[in-house]
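**Q** One structure is given below, represented as structure tokens, and several questions about it will come after.
The values are calculated or read from the model by the stated rules, or taken from the named source; none is laboratory data. No experiment lies behind these values; they were computed from the predicted model shown. Note that we place each Cβ from the backbone using ideal geometry, even for glycine, and neighbour counts take in every protein chain shown.
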Amino acid sequence: MKGKHIRSMTVTVMMTDRKTVYFDNSATTFIAKEVLDEMMPFMTSEYGNPGSIHWMGDAATIAVRKARKQVASTLNSLPSEIYFTSGGTESDNIALMGSVHRGRRIITTAIEHSAVLETCAYLGSHGVKITILKTDELGRVDPDDLRKEMDDSVSIVSVMAANNVIGTIQDIKEMASIAHEYNAYFHTDAVQAYTKMRTDVKEMGIDMLSISGHKIHGPKGIGVLYVNENVDVRPITFGGGQESGMRPSTENVPGIVGLGKAAEMANSKMSLDVKKMEKLRNEIIDSTLNIKGAYLNGPAPSDGRLCNNAHFRFDGVKGMELVLKLSKEGIAASTASACSAGSTGPSHVMTAIGLTAEQSLSALRISLSRYNTEDDVRYLNEVLPKIINSMR
């Protein structure tokens with residue numbers, strides 16, 4: 001393919017001499033060069049199993065221990081409270097299924113990721129009572145609604161820190177406090193929020209927290225479940241006893257090393273990165289809302305919106321068609337979440353905030369990373385209005 005090249009440290013690539021820009025970072029991110037460099041030895045020369053007692057096993061054990069410390073330092077947790085998993089989905093499953101033994105009730109929200117909602121549905125079919133809190137039109141959960149539903153039968157409350165579709169940030173600290181008044185655990189799916197907003201598990205009162213490596217310029221197939229040392233969560237898989245028995249399986253050492261490095265890098269300049277993404281996001285929102293019949297889904301930028309998320313709907317436009325037309329112009333975006341493979345119906349998040357099926361199916365999500373640039377945004381703001389007008 002003529003002119004094809006990809007540069008690992010920028011989201012702007014050239015393919016067949018056409019400018020392409022990646023604005024689907026809520027779905028996945030590329031592996032940063034520094035992260036890949038850190039991982040490579042553990043896929044080639046340092047390939048030992050941490051369970052082995054010889055020198056190569058020792059090298060793997062040391063690498064895993066380092067990554068555990070790297071992640072713990074970003075959360076203000078103990079390294080012993082960090083458990084490596086295969087990703088955010090598994091972390092959510094362990095948090096919910098592993099703690100339901102304490103009671104027979106779970107409280108969550110209508111806009112959670114399917115990893116939480118489908119786990120709750122499964123537990124519900126096995127006798128666990130599931131209470132799902134509604135949100136307002138901006139996707140916000142009222143802590144008072146949680147308080148009204150709490151009683152001593154609740155084992156765990158699970159509320160997403162920031163929504164993966166419309167970017168709404170929840171009042172996690174307040175809701176964790178309410179859960180603790182009734183001796184319930186509090187879990188948050190922080191897959192989208194992690195490294196894009198301050199997350200101090202001790203200060204916020206979080207008992208369990210889920211992270212995914214590929215959302216922060218780390219590798220796919222690796223995640224974290226933070227579990228406070230005083231929380232009684234039981235494993236849901238059984239085998240060799242790795243991860244202190246919480247997640248038995250031979251450790252994915254390259255993935256763990258990559259996640260540790262990605263977490264360290266993102267945390268080291270998070271405040272600057274957040275300001276940059278907020279600025280670019282605001283430019284996209286301001287420009288897009290100048291298009292006739294364009295609306296912002298979720299809160300305003302100044303009212304609790306994740307720094308890298310812009311989510312719109314357009315009168316008279318089909319979202320999937322819009323994404324395909326943007327793709328032909330070299331712009332990668334999405335309608336909602338890429339985590340429900342093959343889904344063509346309205347997002348449950350859009351339905352939960354009161355939008356009609358027609359409105360939901362006219363959606364466009366733009367999600368940035370710290371590597372996006374002003375040039376990327378200018379290109380989108382130039383192309384998007386033309387495509388919208390051509391579709392009407």
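**Q** I'd like to know if the stretch 86-93 contains one or more residues that are surrounded by fewer than 16 Cβ atoms within 10 Å (Cβ to Cβ) and at pLDDT 95 or above.
**A** The answer is no; no qualifying residue exists.
**Q** Follow-up. Quick check on the stretch 29-50. Is at least one of its residues modelled with pLDDT of 95 or more and within 30 Å of Ala352 (Cβ to Cβ)?
**A** Yes, the stretch 29-50 contains a residue that is modelled with pLDDT of 95 or more and within 30 Å of Ala352 (Cβ to Cβ).
**Q** Keeping to the stretch 129-154, report how many residues are over 24 Å from the mean Cα position of the chain (by Cα) and of a type outside the set (A, V, I, L, M, F, W, C).
**A** 9
**Q** Hey, another quick one. Taking Ser249, is it touching an Asp or Glu at 6+ places or on another chain (Cβ under 9 Å), assigned to a loop (DSSP other than H, G, I, E, B) and either assigned by TED's automatic domain parsing to the domain that holds Glu90 or among the aromatic types (Phe, Trp, Tyr) (or both)?
**A** Taking the combined requirement at face value, the residue satisfies it.
**Q** Now for a separate question. Sort out for me the helices (runs of 4 or more DSSP H) sitting completely within the stretch 276-392 that have 1 or more residues that are charged (D, E, K, R).
**A** Filter on the stretch 276-392 gives 319-328, 357-360, 374-391.
**Q** Which condition number does Val274 fail, the rest of (1) surrounded by fewer than 19 Cβ atoms within 10 Å (Cβ to Cβ); (2) under 17 Å from the mean Cα position of the chain (by Cα); (3) on the phi > 0 side of the Ramachandran plot being met?
**A** Among (1) surrounded by fewer than 19 Cβ atoms within 10 Å (Cβ to Cβ); (2) under 17 Å from the mean Cα position of the chain (by Cα); (3) on the phi > 0 side of the Ramachandran plot, the lone unmet condition for Val274 is (3).
**Q** Under the condition of being of a type in the set (Lys, Arg) and under 14 Å from the mean Cα position of the chain (by Cα), which residue from the stretch 199-233 is surrounded by the most Cβ atoms within 10 Å (Cβ to Cβ)?
**A** Restricting to residues being of a type in the set (Lys, Arg) and under 14 Å from the mean Cα position of the chain (by Cα), the top hit is Lys215.
**Q** Could you check Asn290 against (1) out of contact with any His (no Cβ under 9 Å at 6 or more places or on another chain); (2) modelled with pLDDT under 95 and say which number it fails?
**A** Among (1) out of contact with any His (no Cβ under 9 Å at 6 or more places or on another chain); (2) modelled with pLDDT under 95, the lone unmet condition for Asn290 is (2).
**Q** Still on this structure: Within the stretch 84-170, which helices (runs of 4 or more DSSP H) (wholly inside it) include 1 or more residues that are basic (Lys, Arg)?
**A** 143-149
**Q** Checking Ile206 against (1) outside the structural domain of Lys69 (by TED's automatic domain parsing); (2) touching a strand residue (DSSP E or B) at 6+ places or on another chain (Cβ under 8 Å); (3) free of Cβ contacts under 8 Å to residues at least 40 places away in the same chain, which test does it fail?
**A** Single failed check for Ile206: (1).
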